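Heads up: the structure comes next, in structure tokens.
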Amino acid sequence: MKTILPATHIMGCHEIEICYKRPLFDRMILIKSSEDANKILRKFVNLKRIDLKEFYWVMLLSQSNRVLGISEIGSGTITGVATNLKEVYQLVLMTNSSALIVCHNHPSGNLKPSQSDKKVTERLLKLADLIDVTLLDHLIITSESYFSFSDNHLL
């Protein structure tokens, strides 16, 4: 008797399945400003670690700027965090987001964006344009305050 093998076995590939269920609309938080984004992020972020080392987060938003989800995508050192742009946009695509806000912290307390922060933001903008989503803001947060690229006309 002949055994029939599935195509995935023969071709050496595996099936990929993406499953995402958005939150209920009336429970989704609306973001109207950088201040709103900062407040929501501070509820998500472990504030006990914010002065310890750098972290990178992405806030995923619907067409009406309602929060679909927030994800920590990087954890670094006291002086920096590697930003995986591919992971940022994987999350954007998997959640069918229309917009995003990225955020990272500066453990030093200095809110001034570095050259590296500006370069990453430029790359995020280019990628957003390619896949027709909007990068609404890039926030830098400290225990005391925050800096918005959008509010400071850097986007």
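Here, each number is a calculation from the coordinates, and none is a lab measurement. Nothing here was measured: the structure is a model prediction, and the numbers come from that model. Glycine also receives a Cβ, built like all others from the backbone with ideal geometry; neighbour counts cover every protein chain displayed.
Quick check for me: using +1 on Lys/Arg Cβ and -1 on Asp/Glu Cβ, what's the dipole size of the stretch 19-148 about its Cα centre, in debye to the nearest 20?
240 debye
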Net charge within 9 Å of Gly74 by Cβ-Cβ distance, Lys/Arg positive one each and Asp/Glu negative one each, not counting Gly74 itself?
-3
Output the relative contact order of the stretch 34-155, whole-number percent, from Cα pairs under 8 angstrom with separation of 6+ residues.
27 percent
Kirkwood Rh for the stretch 19-148 from C-alpha pairs, in Å, is 14.8 Å
